[in-house]
Amino acid sequence: MFKRAAKISFWILIISGWIILSGFVTNYYDELTLENIEINFINDNSQKFITKSEVNSMLLLMGIVNNVSLKKEIQLASIEKKLLNHSAIRNAQVYFNNNGGLKVDITKRTPIARFVSSVFEKNFYMDLRGFLMPISKTYVSRVPIFSGEINFPERLDLNILDSLHRTPIFQEIYKMSKLINNDTFLKSQIVQIHINNNSYFELIPRIGNQRILFGSSENMENKFKKIKLFYTNGPNPKDLNKYDTLNILYENQIICSKRN
């Protein structure tokens, strides 16, 4: 009987202590104010569509400043939602540390291609997942530029993969962009890709004043290998401008045309 009473008393003390401690922690948390804000770009891709100073400005507009109450004035889910409204942010996680600090972890979107058009509303970037993202007034990313016959619908929702993304030409552009961006040489050498009305690709190199007749997207990997072969093992760089056309349409052939 005595052992049972002692056991019950023990658990009463434990539960009472936990309740008292929880009260102290709750009161402490209620009174805790924001001491600092730490912004981190996760696996930073070095793109400047969004900067830490811009994130700070966004937080300031939300009223997130030093000495505000952590519990009463900071709503983490609301902050994350507003940050995700920025076109350059793919993911945002906002949380408190143990010292009254707010941590903001942001994953930026990575552009892999840019579409240019004479119609301003049809100028976009395409990111690594195939989503479109708007151009920036303050920053230009060095990615392959696509121009020519690209038919965008009148209305575009940049936050979904709609019918545009399922079209063959868009899938071809997406694949080509990834191939170029994943190859250091191609990324530095291929500046622009123009799409003709027959859906043939024509490439413009950075070094050498010639057109590269790429043709259709068929055998895309092999065609890029031929381009690399020409520029790395072909003519001396000083002689590149003697050629006006590089034709790689045909299998196992590189046809060069000299200027008149």
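Values in this text are rule-based calculations from the coordinates and carry no lab data. Fair warning: this is a prediction, and the values are worked out from it, not measured in the lab. Cβ placement follows ideal geometry from the backbone for every residue including glycine, while neighbour counts extend to all protein chains displayed.
Ranking ILE169, PRO111, SER216 by how far each Cα lies toward the positive end of the dipole of region 111-258 (charges on Cβ) leaves PRO111 at the top. Positive-end ranking of PHE49, PHE96, HIS86 along the dipole of region 36-108, with charges on Cβ about the Cα centre, is headed by HIS86. Put simply, the Cα atoms of region 36-108 extend 33, 21, 19 Å along their principal axes, the longest span coming first.
In this structure, the amide hydrogen of ARG109, modeled 1.01 Å from its nitrogen in the peptide plane, lies closer than 5 angstrom to those of ILE89, ARG90, counting only residues at least 5 positions away or on a different chain. Ordering ARG206, ARG90, ARG114 from the fewest to the most neighbouring beta carbons within 10 Å gives ARG206, ARG90, ARG114. The count of lysine pairs in region 36-108 that are at least 8 places apart or cross chains, and whose C-alpha atoms lie under 23 Å apart, stands at 18. For region 36-108, the dipole from Cβ point charges (+1 on Lys and Arg, -1 on Asp and Glu) about the Cα centre works out to 120 debye, to the nearest 20. Each label was represented as a point 7 Å from its Cα along the Cα-to-Cβ direction; for TYR139 and SER57 these points are 1.2 nm apart. Each Lys and Arg contributes +1 and each Asp and Glu -1, all at the Cβ; summed about the Cα centre of region 111-258, the dipole is approximately 540 debye.
Backbone geometry of region 127-143 corresponds, through the Karplus equation with coefficients 6.51, -1.76 and 1.60 at θ = phi - 60°, to 3J(HN,Hα) couplings of 9, 4, 8, x, 7, 7, 9, x, 6, 10, 7, 10, 8, 10, 8, 8, 10 Hz, x marking Gly and Pro. Could you tell me what % of all Cα pairs in region 111-258 have separations over 20 Å? Summing the P(r) tail past 20 Å for region 111-258 gives 48 percent.
Ranking ASN197, CYS256, ASN182 by Cα position along the charge dipole of region 167-256, where only Lys, Arg, Asp and Glu carry charges on their C-beta atoms, puts ASN182 farthest toward the positive end.
Packing around the peptides 50-58, 223-231, 116-124, taken as the average count of other Cβ atoms within 10 Å per residue, puts them in this order, highest first: 223-231, 50-58, 116-124.
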